[in-house]
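Below: one structure, written as structure tokens.
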Amino acid sequence: MSEKKNNVPKVFLITIGIIGFIAGIFLTFNGNKIMGVAGSVASAAIAIKGINEFRKEKKSA
């Protein structure tokens with residue numbers, strides 16, 4: 001049970017990162033290019049960080 005509770009923040013990071021990446025692409029195509037690209041890059045980094053932490057925890061378990 002506690003293992004599932006430990007994974008919730010990581011899954012949340014991944015979800016927020018993917019949603020932010022999609023929103024950044026949407027902003028890029030709607031004319032707000034600088035903010036869209038910056039948002040996409042930042043959100044992708046958040047998603048990658050969550051995925052890496054999730055994988056690292058799965059390996060150690």
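List of remarks:
- As a length-normalised measure over Cα pairs under 8 Å and 6 or more apart, the relative contact order of the chain settles at 40 percent.
- The lysine pair count for the chain, using Cα distances under 22 Å and pairs eight or more places apart or on different chains, is 14.
- Tilt relative to the chain, helix 33-60 - C-alpha long axis, 0 to 90 degrees, to 10: 10
- Between 0 and 90°, nearest 10: helix 2-29 axis offset from the chain longest Cα axis: 10
- Cα-based shape type of the chain, given that a ≥ b ≥ c are square roots of the gyration tensor eigenvalues and the cut on a/c is 1.5: prolate
- Charge dipole (the chain, unit charges on Cβ, about Cα centre) - positive-most of L13, L27, V41: L13
The numbers here are math on the coordinates, done by the rules we state, and not lab data. What you are looking at is a predicted structure, and each value in this text was computed from that prediction instead of being measured. Positions of Cβ are backbone-derived with ideal geometry, glycine not excepted, and every protein chain shown enters the neighbour counts.
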